[in-house]
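The values are calculated or read from the model by the stated rules, or taken from the named source; none is laboratory data. What you see is a predicted model, and the numbers here were worked out from it, not measured in a lab. As a convention, Cβ positions derive from the backbone with ideal geometry for all residues, glycine included, and neighbour counts pool all protein chains shown. The area values use the complete protein model at the heavy-atom level, side chains included, leaving out ligands, DNA and RNA. Shrake-Rupley method; radii C 1.70, N 1.55, O 1.52, S 1.80 Å.
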Amino acid sequence: MIARLSSVVAALLAALLLTVQLTGEPRRRVIPTGRAETMYYNGKIITMWEERPIVEAVTIADGRFLAVGTTQQVGRTVGPDTRQINLDGKTVVPGLIDAHVHAINAGLAERDGEIPIMKNFADIRAYVERAVRSTPADRLIFVPKVYSTRLAERRYPTRWELDRFSGGHKVMLDNNYASSLNSAALEAAGIKSDTPDPANGKIIRNDDGEPTGLILGARQLLGGLIEQREFSAEDRLRALRKMQKAYSAAGLTSVIDRAMRPEQVRTYQRLWESGELQVRTNMTLRLIGEEPIETLRAQTRLLAPLTGFGDDFLRIGGLKVVLDGGILIGTAYLRTPYGTNTQVYGYSDPDFRSVLRLPREKLFTWVKFGAGLGWQMSAHTTGGASTDLLLEAFEAVDREESIRDRRFTLIHSNFHNEQSIRKARELNVLVDVQPAWYHFDGPALAEVLGPERMKTFQPLQSLFNAGLVVAGGADHMIKFDSRTAINPYHPFFGMWMTITRETVTGEVFNPEQRLTREQALKMWTWNAAYHSFDEEVKGSIEPGKLADMVVISKDYLTCPVQEIRDIEALTTIVGGKVVYQR
């Protein structure tokens, strides 16, 4: 069994074993003793604490909240050396938590310069032409995260269109689950007219049978091209350092990094060891589900530290595999075929509903095995049918031993009907959702899916009404700017999306699924903390919890709703220490 392990698995094991150095207090509240080190007063502090929802003052000691209440109440903990800070009536919220980021990859994406937002073919052409002038002839010009649903043309450029301005270079527009290649890149990848369609994807062809350049799924066909992009350990470290500062500036005090590979685990550990980690991070470890089941089980068995291992700044979360592709690119595994309005995806196949990356039996075997070892299990599932299948796998495990307190997670799970909501609630399964996909891509998706299926697209109020713990996540992958990033990670921008359900065109689909302001804030505070088993130490401002909070530029509860998206962090505080000051 061990002999069959890949070098990647061995590297992952080595990286994780290093983290056994991490030590820290268990996740429980610890009321500090003695006098307060710092007092914040004269503010409107939204605590997300049922006992005292809004207070005017807090005191902090030993990195935790000591007292929370009126100035008179918390003043009893003040001593002669307490630093007292007047909030001047400003609003404060608990430390904000993004439940889905990819921090290192996002930082690396702009290592060679800022990547502009691609809104149309002209933007793509301008970017490629600049790259042609600075890229060696044998190097791939890699354009990350181009979504046809966000292009004015509502389609991908063909290979021949890319050829016109690629200057003979290999060019690849990529968004992981679909890629658009020019002729030189197709040739380098060995993709020809007689190349058969793989089981896990599609090679899109024109009426003459020639590949158009668009490849759906089938990532293995492009491995030779992608491997040309290499980053050193120092590259990753610099990227993470810079991204942590950007997260702090947006008011994020914690994140869940949702697809950790060995080298990324080591990068986080290096930043932790040097004392530079300023955003608390829970790491979801990704395994390659396409590996043979024997290898997949061996990978899981050899991961020594389990869910919850670590300290208050760096902690191991759950395990993740990828079940399907993405709804923005027509590779999410749907309950019914996509239909005939699929021009935006670049194919025409009325019977296509995408394919699973893991067959049913393999998924069930892996989930049961990982659960038996003690892991919090999760999977990327963007389509309704893949969500249904993952819930079935969770239910099968639950029949043998309850998973109700294990917090298994649906990552993305864009489409929920009454049956999936009921089953998720029965199993206490969590939902990690990305509102930006509704905001930016809803208009294009509505043309594909039609009104009935759109009713099941991110039905947030229905999820809340059912008692599901829904966390807000960006799935941030590209760019540093918090509002123009792919996808935007600014928490108040995300909250605004869930409260208004306005799309980029101003349309509103299914307004009954709007959230209240309190519900939206909960997605980025208490609910997100619950996803990482941290609700007793994070997610609200209460005595004994970690002193994470954010002073913000507007009153979130009373400002005009359209101004919520513009709220900024003025001061970000982690463990009682200011990590960002505007």
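In the range 288-307, the qualifying residues are those that are in a loop (DSSP other than H, G, I, E, B) and touching a Lys or Arg at 6+ places or on another chain (Cβ under 7 Å), and the one that is most open to solvent (accessible area, probe 1.4 Å) is 290.
Looking across the range 152-190, the residues that are open to solvent by less than 20 Å² (accessible area, probe 1.4 Å), among the hydrophobic types (A, V, I, L, M, F, W, C) and over 20 Å from residue 290 (Cα atoms) come down to 162, 171, 172, 173, 181, 185, 186. Of the listed requirements (1) open to solvent by 60 Å² or more (accessible area, probe 1.4 Å); (2) of a type in the set (Gly, Ala, Ser); (3) closer than 30 Å to residue 439 by Cα, residue 199 misses just one: (3). Just a yes or no: is a residue in the range 526-535 under 24 Å from the mean Cα position of the chain (by Cα) and assigned to a strand (DSSP E or B)? For the range 526-535, residues under 24 Å from the mean Cα position of the chain (by Cα) and assigned to a strand (DSSP E or B): absent.
Every listed requirement among (1) open to solvent by less than 10 Å² (accessible area, probe 1.4 Å); (2) out of contact with any Gly (no Cβ under 6 Å at 6 or more places or on another chain); (3) more than 27 Å from residue 145 (Cβ to Cβ) is met by residue 438 save one, (3).
The rows are residues; the columns are (1) without any contact (Cβ under 8 Å) to a residue 24 or more places away in the chain; (2) open to solvent by less than 50 Å² (accessible area, probe 1.4 Å).
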position	(1), (2)
104	no, yes
112	yes, no
132	no, yes
139	no, no
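Residues in the range 204-217 include none that are within 24 Å of the chain's Cα centre (by Cα), touching a residue at least 40 places away in the same chain (Cβ under 8 Å) and surrounded by fewer than 21 Cβ atoms within 10 Å (Cβ to Cβ). Annotation note: of 193, 248, 254, 274, the sole residue that is over 30 Å from residue 168 (Cβ atoms), among the hydroxyl-bearing types (Ser, Thr, Tyr) and open to solvent by 20 Å² or more (accessible area, probe 1.4 Å) is 274.
Scanning the range 509-525 for residues that are open to solvent by less than 20 Å² (accessible area, probe 1.4 Å) and either under 14 Å from residue 454 (Cα atoms) or under 19 Å from the mean Cα position of the chain (by Cα) (or both) yields a total of 6. In the condition set (1) touching an Asp or Glu at 6+ places or on another chain (Cβ under 7 Å); (2) open to solvent by less than 30 Å² (accessible area, probe 1.4 Å); (3) in a strand (DSSP E or B), residue 149 is compliant with all but (3). Is one or more of the residues making up the range 269-280 more than 22 Å from residue 390 (Cα to Cα) and touching an Asp or Glu at 6+ places or on another chain (Cβ under 7 Å)? Among the residues of the range 269-280, at least one is more than 22 Å from residue 390 (Cα to Cα) and touching an Asp or Glu at 6+ places or on another chain (Cβ under 7 Å), which makes the answer yes. Checked against (1) part of a loop (DSSP other than H, G, I, E, B); (2) surrounded by 24 or more Cβ atoms within 10 Å (Cβ to Cβ), residue 506 passes all but condition (2). Filtered by the rule that a residue be open to solvent by 60 Å² or more (accessible area, probe 1.4 Å) and either in contact (Cβ under 8 Å) with a residue 24 or more places away in the chain or out of contact with any strand residue (DSSP E or B) (no Cβ under 9 Å at 6 or more places or on another chain) (or both), the range 67-83 gives 80, 81, 83.
I'd like the full set of residues that are closer than 17 Å to residue 236 by Cα, within 18 Å of the chain's Cα centre (by Cα) and either modelled with pLDDT under 95 or of a type in the set (Ser, Thr, Tyr) (or both), limited to the range 266-284.
Filtering the range 266-284 for residues closer than 17 Å to residue 236 by Cα gives 266-279, 281, 283.
So of that shortlist, the ones also within 18 Å of the chain's Cα centre (by Cα) come out as 268, 279, 281, 283.
Selection gives 268, 281.
Reported count of residues in the range 332-354, each being open to solvent by 10 Å² or more (accessible area, probe 1.4 Å) and touching a Phe, Trp or Tyr at 6+ places or on another chain (Cβ under 7 Å), is 5.
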